[in-house]
Structures are given as C-alpha cells and as structure tokens.
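Data block below; observations after.
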Amino acid sequence: MKVGLVSLGCSKNLVDSEKMMGMLTAGGHELVTHPQDAEAIIINTCGFIDSAKEEAINTIFEMAAYKQKNLQKLIVAGCLAERYQKELQQDIPEIDAVIPIRDYPHLHERLQELLGAQAMPEFAKCRRVLASKPWTAYLKIAEGCSNRCTYCAIPLIRGGNVSFPMEQLVKEAQYLAKQGVKELVLIAQDTTKYGLDLYGELSLLTLLRKLHEIEGFHWIRILYMYPDEISEELVAGMAKLPKVVPYFDIPLQHANDDMLKRMNRRGSVAEIRKLVDMIRRYHSQPTLRTTFIVGFPQESEQEFAELLQFIADTRWDRMGAFTYSAEENTPAFAFPGAIAPQLKEQRLAQLMKLQEQISLAKQQEYVGKVIEVLVEGQDGLSGIYRGRSQSSAPDDIDGLVFFRSKRSIPFGSFVQVKVSEALPHDLKGEEVVAARV
C-alpha cells in the first residue's frame, strides 16, 4: 500500500516513527509524503499535555477527511493511543485501528494484519528511515522514566526507565554514521540515568566514549540531563571528548526548594547552583539550557520571585518555559491551590522577558568571534545561509546563525562564521574562508 506517516510530539517519538517507516518499507509498502496520495495513514501521536492532545485530535480529524478520497486505513499510534485507546475507538469511528505503545512488540503483526504485504521485522530490530535532515539523527538510549515527578504523565504512558543495551546502541550509531549522519543527538526521558538498570551504575560516560570512537560523527550532543545525576566525573569526561559538544540541557522546572519537593524533584537549589559552577569550571564556554514550569499549584509570589532571582543569578544561555498543565492520573492533578490561568500567563511573560534580556547579553559575547556552524539551508531570494552552532540543538529548539558567503556551500557542511550582530536568540555574520596555501 501507499502509506503516509504523521509524526507528532518530541524527538523520542520521531525515532519511533522512523522505525515504523523502516518496518513499512521492509514490508514492501511505499512511503508517500502527501496525504491525498495515501491509501493508509499512521499518526504517531503525542499525549503529554493539553496542547499536544489538542494537536493530535485535530490531526486525526484532518487526516480522516481523506477517507472521502483514496484513504482506506487510518491508524492511530503513540502516546495519545496509550492514554486514551478506548475513548479514541468509541468517539472517532473514522479510525480503523488504535495501537498503544504497549503493543509495539507486536506492531509488525498488527500492521501486517491491517495493511497486508510481506512479513515485517519486529519494532526493536527495524532499520530506521531517517525523517530529519540527513546530517543529524537522534539516538534514543532508553525508554520510559522512573523519576515520578508529580506533574508528569510520561511514566503512565511509557512506563519506568529501561536502558537499551550498549552494544545495540553502538551498532545503531555505526549504521547512522554510514548513512552520512554528522551530528548524533542522544535522547531519553532522562539520559543521565542511562545504564543504571542494566549495569548497576550510571553508564552515560562509558557510552559516550564508545560513540566517540565511531568515524563520521563531528558533533555528539546530549539532551534531557537530570541535574542530580550529573556527576563531576561525567562533566570532566565530556571535556576530554572533542566530539561531545559542551551543551548541557538540564530541565529544572523550578528554583524553590519547597516547589521542587511538591514536584517530587530530587536535589536542592543550592546543589543546582554548585552544579552550574562546576560545569563552568570544566568547560570554558558551555551552553547551559533549562526549562521551567510556572503556575504549579500553590506557587506563591515569593516562590516565583525566587525563580526570577535564580534565573538572574545563574544566567542560562537557553531557556524554555511553559505554564503548568494539570494531567489526569498524576499526583499533582489533585493538588489544591490551583493558579488562575491569567496569572500563569502573566508570570510566564515576566519570566521570558527576563530571559530575553539575559539571552541577548550572552549572545553579544559572540560578536567579533569566529564560530563553527553546521549549514542547514539558504534563503532563495537573499542568498543568506542559515545553520546552527554548537550552542543550538536541532528542530528549532534554539536560535540559528544567519550568514553570507561568497561561495556555494553544500547543506550539511561545517563552516567558520565571524559573528557581526547578535539578536536575543539568533546570530548574524559572514563566512570566514581560510586562505589557500
């Protein structure tokens, strides 16, 4: 069949989608990019917070409209399917099958039953069809999460933390390198917990050393590092691996000890401050990124003020924030002291305004310097190239570098750019071409 696949949500979901596409192509199906051409559509959904659920439902109805044309099978998988399997089956009759995450070990059998064609490989053994830019790929090193933060539905959806065997990850990384991937991005709900369940100890640094030996990778980046598991050994070890970029993505969620306890986050604000100082000791110019939740139940004006002061003191290079979303079946769903939506938005705006000032000041430190940039595109009218430096993760998570060049540059190349202008999130400059000897 001609099959279209819509992948929603996070990069971890994208890896699942790439495995599904590998499964489909191995089964003899043809992948199509336009839904009007599809005989079957699979929607790999997100169901983390309200906005993600709304996007997933809207996408299902949007794709269901193609049943008036060529579409014969509409299949819903992923996190929303895991959380609301019965509701989806009952309330949206246009859906032909709902496949929750717990059924992924039998996904090949379900898809073969629904779509026909030849036998497919098991989900865990699928060769991925890369859907992102060909020079960047994600390596999911674990599934699920065991941290049990009171606001988070991920353990309910994905279960507890399960690390993937190191030899399996090395083989997958070697395959990605042979496909031309130059930037490898390690992901999990909690990358720093990698290996604890398999090997009895935190093993992220050991994995990094093995991945560092693989030829072809230029950058190795780590996302979603839990603060209390970032040891001095890990930070120092990263500094000795040139391919591992000093990009520390450390979601903190708040900066008041009482709030952290209500969120069931381990560690204290004082320990986080020590961690930031320690990272900056070992790395001359690290990129520190974090996320915060505003408007968590019972968040007082004083607690929010402490969050603002923490941000002003620690000066993160990158920061994301979102208002608290009450998720059913999580402990925080029943917490008293809900914050009014309008106040949540006011606090979010205040927090982001402060961060924009900090971000601009941090960006201005690059003016006059030469930085390495991974080229990812070019404006057809102006000819201006765009790309990312080490300090920016893929998929528009962080800012871009816009630059001019006197030559034609293949996308996926690494170039040197002299920065001439700084914006709160983006940089501008011109390529520096080394003189020929």
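The values are calculated or read from the model by the stated rules, or taken from the named source; none is laboratory data. None of the values given here were measured: they were computed from a predicted structure. Don't worry about glycine lacking a Cβ; one is built from the backbone with ideal geometry, like all the others, and counts go over all protein chains shown.
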Result of the Cβ filter at 9 Å on segment 69-95, keeping first residues that are among the hydroxyl-bearing types (Ser, Thr, Tyr) and partners that are surrounded by 18 or more Cβ atoms within 10 Å (Cβ to Cβ), at least 6 apart or interchain, is Tyr84/Gly47; Tyr84/Lys53; Tyr84/Val98
Residue that is modelled with the highest pLDDT, among those in segment 128-157 that are basic (Lys, Arg) and surrounded by 16 or more Cβ atoms within 10 Å (Cβ to Cβ) = Lys140
If only one of Leu107, Leu208 is in contact with a strand residue (DSSP E or B) (Cβ under 7 Å, 6 or more places away or on another chain), within 20 Å of Leu5 (Cα to Cα) and surrounded by 19 or more Cβ atoms within 10 Å (Cβ to Cβ), which one is it?
-> Leu107
Name every residue in segment 321-340 that is of a type outside the set (A, V, I, L, M), modelled with pLDDT of 95 or more and closer than 26 Å to Ser359 by Cβ, in order of residue number.
-> Thr323, Tyr324
Would you confirm whether any residue within segment 410-427 is part of a strand (DSSP E or B) and among the acidic types (Asp, Glu)?
-> yes
Strands (runs of 3 or more DSSP E) contained in segment 284-398 and holding at least 3 residues polar (S, T, N, Q) and under 22 Å from Glu271 (Cα atoms) | 287-294
Hey, can you tell me all the residues within segment 366-411 that are on the phi < 0 side of the Ramachandran plot, of a type in the set (D, E, K, R) and touching a residue at least 24 places away in the same chain (Cβ under 8 Å)?
-> Lys369, Glu372, Glu376, Asp398, Arg404, Lys406, Arg407
Segment 289-320, residues that are touching a Ser or Thr at 6+ places or on another chain (Cβ under 8 Å) and buried (at least 18 other Cβ atoms within 10 Å of the Cβ) | Ile293, Val294, Gly295, Trp316, Asp317, Arg318, Met319
For segment 183-205 the number of residues that are over 15 Å from Pro246 (Cβ atoms), surrounded by 19 or more Cβ atoms within 10 Å (Cβ to Cβ) and charged (D, E, K, R) is 2
Among residues of segment 327-379, those that are surrounded by 18 or more Cβ atoms within 10 Å (Cβ to Cβ), under 30 Å from Pro134 (Cβ atoms) and among the hydrophobic types (A, V, I, L, M, F, W, C), counted = 4
Looking across segment 12-53 at residues that are among the hydroxyl-bearing types (Ser, Thr, Tyr) and either modelled with pLDDT of 95 or more or buried (at least 20 other Cβ atoms within 10 Å of the Cβ) (or both), the single one that is nearest to Leu107 (Cα to Cα) is Ser17
Some residue of segment 244-255 being assigned to a loop (DSSP other than H, G, I, E, B), free of Cβ contacts under 8 Å to residues at least 60 places away in the same chain and small (Gly, Ala, Ser) = yes
Would you mind stating whether Gly337 is small (Gly, Ala, Ser) and either more than 26 Å from Ile272 (Cβ to Cβ) or in contact with a Gly (Cβ under 9 Å, 6 or more places away or on another chain) (or both)?
-> no
Selected residue (criterion: nearest to Leu115 (Cα to Cα)) from residues of segment 1-46 that are small (Gly, Ala, Ser) and within 15 Å of the chain's Cα centre (by Cα) | Ser17
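For every residue, the table says whether it meets (1) more than 22 Å from the chain's Cα centre (by Cα); (2) at pLDDT below 95; (3) aromatic (Phe, Trp, Tyr); (4) within 12 Å of Leu252 (Cβ to Cβ).
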site: Gln285; (1), (2), (3), (4): yes, yes, no, no
site: Arg289; (1), (2), (3), (4): no, no, no, yes
site: Gln298; (1), (2), (3), (4): yes, no, no, no
site: Phe304; (1), (2), (3), (4): yes, no, yes, no
Cross-chain or 6+ apart pairs with Cβ under 7 Å, segment 204-215 first and in contact (Cβ under 8 Å) with a residue 60 or more places away in the chain, then β-branched (Val, Ile, Thr) and part of a loop (DSSP other than H, G, I, E, B) = Leu207/Ile141
Out of the residues in segment 268-288 that are without any contact (Cβ under 8 Å) to a residue 40 or more places away in the chain and polar (S, T, N, Q), state the one that is surrounded by the most Cβ atoms within 10 Å (Cβ to Cβ).
-> Ser268
Complete set of residues in segment 57-103 that are among the basic types (Lys, Arg), outside any loop (DSSP other than H, G, I, E, B) and under 18 Å from Ala38 (Cβ atoms) | Lys67, Lys73
Would you please name the residue that is nearest to Ile187 (Cα to Cα), looking only at residues in segment 114-167 that are of a type in the set (D, E, K, R) and under 17 Å from the mean Cα position of the chain (by Cα)?
-> Lys140
Criterion (closer than 23 Å to Asn329 by Cβ and among the acidic types (Asp, Glu)) met by exactly one of Asp103, Asp96 = Asp103
